[in-house]
């Protein structure tokens, strides 16, 4: 069966510091991968998605970036965090666009 | 116009009640439909897919009306454990085209 791992679960970072969140999927090949952010009490905002190694599409212009160095690895990064980057970050995968997405446990990021 | 719209609630219902949520979508090219459940400070989890003919999973029934472009979720015999936010999700079938509603909050009261 497929599983998705996302870490860390919680992160507290100062403004201006770098960020690296990692997500890996097991039990499937060539998944579609997604990064979402959910602000407190708000809906899910799609940040990036990837349909293959090295293929990244950005949905929202901001100071975040994503990379997919391996088929089942998806990384969210920032060189300098802003206060507005606080939120709940979720990684998800799907087999293809018409199939449901499955989410990792999420990373709760607080910027001080 | 938003791709997916849901009544945010909150819905507060007593245990044993039947509650229904509706969700509308704006694009008739939408192909796949889902209901997710999200507990407080947790990730969304797939509750059920929604099929054209409607489908049932225990106490949960999902319906799709393509002509009117809405999806519904019916929960019968509500349990305390059903308290959560329910997200309506619509997909057009390609990589990035998943659209999430902002969710409907349900609290089941003893």
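Nothing in this text is a laboratory measurement; each read-out follows from the coordinates by a stated rule. Everything numeric in this text was worked out from a predicted model, so none of it was measured. As a convention, Cβ positions derive from the backbone with ideal geometry for all residues, glycine included, and neighbour counts pool all protein chains shown.
Determine, for B:98, A:48, the number of other Cβ atoms within 10 Å of each Cβ, and report the residues in order from fewest to most. Spell out each step's value before the answer.
Numbers: B:98 27, A:48 23.
So the residues, fewest neighbours to most, are A:48, B:98.
Sort A:103, A:74 so the one with the fewest other Cβ atoms within 10 Å of its own Cβ comes first. Mind showing how you got there, number by number?
Working: A:103 22, A:74 29.
Going from least to most buried by this count: A:103, A:74.
Hey, got the average number of other protein chain Cβ atoms within 10 angstrom for residues in B:98-109?
Working: counts 12, 3, 7, 2, 4, 5, 0, 1, 0, 0, 0, 0.
Shielding by partners across B:98-109 averages 3.
Quick one: B:88, B:23, B:40, fewest Cβ neighbours within 10 Å first, how do they rank?
Details: B:88 28, B:23 24, B:40 8.
Fewest-to-most ranking of B:88, B:23, B:40: B:40, B:23, B:88.
With a/c under 1.5 counting as rounded, go ahead and sort segment A:69-112 into rounded, prolate or oblate using the C-alpha gyration tensor (a ≥ b ≥ c being the square roots of the eigenvalues; past the cut-off, prolate if a/b is larger than b/c, else oblate). Write down the numbers at each step before the final one.
Details: a/c = 3.05, a/b = 1.87, b/c = 1.64.
The shape class here is prolate.
For peptide A:33-43, how many partner chain Cβ atoms fall within 10 Å of a residue's Cβ, on average? Don't jump to the answer; show the numbers that get you there.
Working: counts 1, 3, 0, 4, 0, 5, 0, 1, 5, 2, 11.
Per residue, the average neighbour count from other chains is 3.
Give me the Debye-computed log₁₀ of I(q)/I(0) at q = 0.10, 0.11, 0.12 Å⁻¹ for the protein assembly as shown, equal point scatterers on Cα only, no solvent, two decimals.
-0.46, -0.56, -0.66
Kirkwood Rh and Cα-based Rg: tell me the resulting Rg over Rh for segment A:27-112, rounded to two decimals. Don't jump to the answer; show the numbers that get you there.
Numbers: Rg = 12.8 Å, Rh = 13.3 Å.
Computed over Cα atoms, the ratio is 0.96.
Classify chain B from the C-alpha gyration tensor, please: rounded if a/c falls under 1.5, else prolate or oblate depending on whether a/b exceeds b/c. Write down the numbers at each step before the final one.
Numbers: a/c = 1.93, a/b = 1.59, b/c = 1.21.
Cα axes put chain B in the prolate bin.
Between segment A:68-112 and segment A:3-55, what is the C-alpha centre distance in whole Å?
Taking the Cα centre of segment A:3-55 as reference, the centre of segment A:68-112 is 1 Å away.
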